Amino acid sequence: MEKIIKRLSMLLFLGFLLTMGIITLVSPKEEFSDVENRTLAAKPELSLESYFDASYSKGLEQFMCDHFYKRSDWIKLMTHMELFSGKLEVNGVYITENRHIERLSEPDFDVVDETIDAINEYASEISTPVYFMLAPSSAGIYADELDANAPQYNQESFIDYVYANVDDNIRVLDIFMTLKSADEEYIYYKNDHHWTSLGAYYAYYYAISKLGFTPVSFSQYNIERVSSSFYGSLYSETLYEGFGGDYVDIFNCDSGIQVKSVSVNDGIKLKEYDSLYFREFLEKKDKYSMFLGGNFPIVDIETDAQSGKSLLLIKDSYANCFVPFLTQHYSKITVVDMRYINIGLENFVSADDYSQVLLLYNASGFANDTDLKKIT
Amino acid sequence: MVFSCIPFLYFFLPITLIVYYLSPRKLKNLALTVASLIFFAWGEPKYVFILLISSAIDYSAGIVLDIYRDNKKIRIAALLTSLLMNLGLLSLFKYSGFFIDTVNSIFGSSFKAPGLEMIGISFFTFQTMSYTIDMYMGNIKVQKNPLDFLCYISMFPQIVAGPIVRYEDVQNDISKRSLSLSKAGEGVGDFIKGLSKKVLLANNIGLLWDEIKLSEISELSVVSAWLGIIAFSFQIYYDFSGYSDMAVGLGKMLGFTFPKNFDHPYTSKSISEFWRRWHITLGTWFRMYVYIPLGGNRKGKTRTIINLLVVWSLTGFWHGASWNFILWGLYFGILIILERFVVPNVIEKIPKLLRVVYTYVLVLFGWVLFEFESLKNAWAYFCAMFGANRIFIDAQSIYRLRIYAVMLIVCFVFSTAAYSYVMQRIRSTKKLAACVSISAPLVQMALLIICTAYLVNNVYNPFLYFRF
């Protein structure tokens, strides 16, 4: 009896190793992992040199891990084991009862101060009024969902620090409390680091009156749910599916102002579209790219608004689902993403041509940003 | 290559085992040797030649010792050749940096170290030395077949991290061993136990120590400092004994019987007992080939004490080429001398549990010395454990306690004899025993799958013995 079981042990063990090894070898290899949102290791080149300096064997090790059969299921299993053993985070992302929350570390304030100086300098050089909105991420709004002792940098005080250090001629649009008071609602994705369209709407509602317009009321929107299976960037770190898919909503204002043209400059060529929404992304993993089609250096939007007002929007991806609300008020909006512009902004657009300038960043991205300083 | 990685587990191991099982009896040693050389060459291909040359010299030394049985001069010459070559290799690959740094700091010179490193060097040089020394002392028979000899030296289960298998332990197995499916199955149990110790316990609890070790020592709370070094005590135990279990398991799959290397060291009731339960094969080696030849305890108290100090500083130095390891060894040497000569009767009278605690705490202090290369940092850490930073507990330590609580409890339980005790009780009842043995393969597969999940993820998986 004992002996039979031991034999069984060996047969199971060897059989399992061999089967998994063979399946891994013969199964088709992918270059990019959609769920993890990263490029997988390529097969290393075998040469005398790579063999003898052991870079070949190291590369092969990485390759085998990255292309192991059903890799993502193994990662999911590990995440569950980690949570089971009492861990509260996986790969730098906390998994709370309700959502993923990114772990924030203390930013490098030399870098932050440099960015703030650049903003101040930019605002002092132009005559167009400059507005600045630093949107909290879910890590800021839902900080109290974390374990009280969990290491987490305080985003709220970071936002206060930035606002306190920008010059007085820059008008800050502090939406922290607005969003905080709506924290019972679906204002942030549970699996992604962005805010939802609803979150952006609350921010818009507060900000647009400071920009001199009357906000469009909630009831005027017809909300279209375009996806209920969005697993975004935070999910890619943990592969934890316990929160279900996120909903992606489009706020349509049928009776309102319509977009005439969207011209996207991807740095090489100019392309014309007639909508802010690129629905083909709903079939892909990163459904947030449905808004504006992702990030591009410069996007010019024209609407049939009669206000004659124009806006220069310098932004990161948080603005992508925020822009649709702005189109109700401006005849022309130029959206600039400094992460994709390598020479001074004045080579492309002049702030003097616009009625207002708005800087819109999320606090977590802003804390590590090294591109915004190129605006001057 | 190490055992705890995907290429070893899912490619090297099954292919090696199948080729090995299918090889006819006469070719098995060849198959095993080829596999071992591939294994060794995986991480450092160029050093295979060194392994081959050193084996050739030791093999020849053995032959010479056999032929010139009665010629003392030649015998000594052969032994010295082998010892000098092995110790030379060890010095070149492991200690040259240390020696050069020491010379530089004394004479203010600036010689450059060659910066060579060779995984497993401390293990295989010690194994071959056991062969030539035992040949010299006439304890074993000569190995005339060079392939069998190379097979012993290079055998992949133990070449990177022990146990230090003396030639005597396996001399019969090398030429004739019994392979059976049920023995291999037993090996699977040992291997998966070891793999789980390494991947699930050591790597996970090691993260806690890594985090604490890298933080500012002057800001550590008392709780964090203790937590950190306790975490390290578990990390090194599960890592090291995990490797040994894997080696023993692999040995059984290949038909070998390797000696036991760890036996619940943290349940020891004295420092001397701790060292009889911790890295047993290393202790045996030093006792057989250094302590006893020096005279052991047969030459009076003073000589015994000197012998102990020599053996323990060497044991420390074996663990790494740096002063803190020598101190670490001497620390244990002194404790053992105290236990033996100063307070032998006092210790006997202390309740057992207190003796276990006393031993564990002293071992923990030892780990502080072991882990900090700079004495200044070791001292600062030691002070932090006793409240020098004036923080008893802070938010960070509460958080650490919370997320590592389960891990710490599991590590604690399996470091005691509780598990073996429970298993023994179960085995005494027939029905329960049957349940346990039937479920064993299932538990093993479950553990293998969980370990695989961690390995595929390629998370924190350090190799602790690159210094050994």
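Check A:Y273: other-chain or 5+ apart residues with amide H under 5 Å from its amide H, H built from backbone geometry?
Counting only residues 5 or more places away or on other chains, the set is A:V262, A:S263, A:V264.
With viscosity set to 1.306 mPa s and temperature to 10 °C, compute the Stokes-Einstein D of chain B, Rh being the Kirkwood radius across alpha carbon pairs; µm²/s, no decimals.
D, rounded to a whole number, is 66 µm²/s.
Please calculate how many Å² of accessible area chain B carries per residue, with a 1.4 Å probe and no DNA, RNA or ligand atoms counted.
The answer is 43 Å² per residue.
So, taking all protein chains as they sit and a 1.4 Å probe, how much accessible area belongs to B:S374, in Å² rounded to tens?
50 Å²
First measure r as the distance between the Cβ atoms of A:I126 and A:F213, then evaluate 1/(1 + (r/R0)^6) with R0 = 30 Å and state the FRET efficiency to the nearest 0.05.
My answer for the efficiency is 0.90.
Taking all protein chains in place and a 1.4 Å probe, what share, in percent, of the accessible surface of the range B:6-177 do carbon and sulfur account for?
After summing per-atom areas, the C and S share lands at 66 percent.
Within 10 Å of each candidate Cβ there may be at most 11 other Cβ atoms; applying that plus a DSSP loop requirement, which GluC sites (Glu not before Pro) in the range B:202-236 survive?
Loop-located and lightly packed - B:E216.
Amide H to amide H under 5 Å from A:V226: which residues, 5+ apart in sequence or cross-chain, H placed 1.01 Å off N in plane?
When sequence neighbours closer than 5 places are left aside, the close amide H contacts are A:V248, A:D249, A:I250.
With the solvent-accessible surface defined on protein heavy atoms using a 1.4 Å probe, which residues belonging to the range B:178-198 display a reduction of at least 20 Å² in accessible area in the multichain context relative to the isolated chain?
So the qualifying set is B:L181, B:S182, B:G185, B:E186, B:V188.
Starting from 0 in steps of 5 Å, tell me what percent of the Cα-Cα pairs of the range B:114-210 lands in each bin.
It works out to 2, 10, 16, 18, 17, 14, 11, 7, 4, 1, 0, in whole percents.
Of A:K190/A:K287; B:K269/B:K352; B:K269/B:K299; A:K3/B:K252, which pairs sit farther than 18 Å apart, going by alpha carbon to alpha carbon?
As for pairs spanning more than 18 Å Cα to Cα, those are B:K269/B:K299.
Please give me the summed charge of the neighbours of A:E121: other residues whose Cβ is under 10 Å from its Cβ, Lys and Arg +1, Asp and Glu -1.
Computed value for this residue: -2.
May I ask you to evaluate 6.51 cos²θ - 1.76 cosθ + 1.60, the Karplus curve with θ = phi - 60°, for each residue of the range B:54-64 and list the ³J(HN,Hα) values in order in whole Hz, giving x for glycine and proline?
Going residue by residue, I get 5, 5, 4, 5, 5, 4, 5, 4, x, 4, 4 Hz, with x marking Gly and Pro.
Could you please state, rounded to a whole Å, how far the C-alpha centre of the range B:1-59 is from the C-alpha centre of the range A:149-194?
Using only Cα atoms to place each centre, the spacing works out to 58 Å.
List the aspartates and glutamates whose alpha-carbon lies under 18 Å from that of A:K210, not counting same-chain residues fewer than 8 positions away?
Leaving aside aspartates and glutamates fewer than 8 places away in the same chain, those within reach of A:K210 are A:D167, A:D168, A:D174.
With +1 on each Lys and Arg Cβ and -1 on each Asp and Glu Cβ, and nothing else charged, work out how big the dipole of the range A:214-329 is about its Cα centre, in Debye to the nearest 20.
The calculated dipole for the range A:214-329 is roughly 140 debye.
Convert each backbone phi in the range A:338-344 into a coupling constant with the Karplus relation 6.51 cos²θ - 1.76 cosθ + 1.60 (shift: θ = phi - 60°), then list the ³J(HN,Hα) values in order as whole Hz, x for Gly and Pro.
5, 5, 10, 10, 9, 10, x
Taking the alpha-carbon distance from B:K72 and a cut-off under 19 Å, which lysines remain once sequence neighbours fewer than 8 residues away in the same chain are dropped?
B:K141
Straight-line reach only, C-alpha to C-alpha below 30 angstrom: list the lysines that B:K94 could link to, leaving out same-chain residues fewer than 8 apart.
Cα-Cα hits under 30 Å: A:K58, B:K46, B:K112, B:K197, B:K198, B:K213, B:K260, B:K376.
Sort out for me the Cα centre separation of the range B:204-257 from the range A:330-376, rounded to whole Å.
Each part reduced to its Cα centre gives a spacing of 50 Å.
Compute from the Cα atoms of the range B:183-456 the Rg and the Dmax, the latter being the longest Cα-Cα distance, and quote both in angstrom.
Looking at the range B:183-456, its Cα Rg and Dmax stand at 20.4, 58 Å.
Run the helix sum for chain A: -39,500 (n - 2.57) per DSSP H stretch of 4+ residues, divided by residue count, reported at 222 nm to the nearest 500 deg cm²/dmol.
The helix contribution divided over chain A gives -9500 deg cm²/dmol.
Whats the longest run of chain A with zero GluC sites (Glu not before Pro) that are DSSP loop and have at most 14 other Cβ atoms within 10 Å?
Longest gap between qualifying sites, sites excluded: A:242-376.
Tell me what chain B gives for mean residue ellipticity at 222 nm when only DSSP H runs of n ≥ 4 count, each as -39,500 (n - 2.57), the sum divided by the residue total, rounded to 500 deg cm²/dmol.
One gets -22000 deg cm²/dmol as the mean residue ellipticity at 222 nm.
Find the Rg to Rh ratio for the range A:15-141, where Rh is the Kirkwood radius over alpha-carbon pairs and Rg uses the same atoms.
1.17
Not counting ligands, DNA or RNA, and with a 1.4 Å probe, what is B:F234's accessible surface area in Å² rounded to the nearest 10?
10 Å²
Ignoring ligands, DNA and RNA and using a 1.4 Å probe, state the total buried accessible area between A and B in Å², rounded to the nearest 100.
Approximately 4700 Å², summed over both chains.
The values are calculated or read from the model by the stated rules, or taken from the named source; none is laboratory data. On a predicted model such as this, the values are computed, not experimentally measured, just so you know. Cβ sites come from the backbone with ideal geometry, for glycine too, and all protein chains shown count toward neighbours. Note: accessible area is taken over every heavy atom of the protein model, side chains too, but ligands, DNA and RNA are not part of it. Shrake-Rupley method; radii C 1.70, N 1.55, O 1.52, S 1.80 Å.
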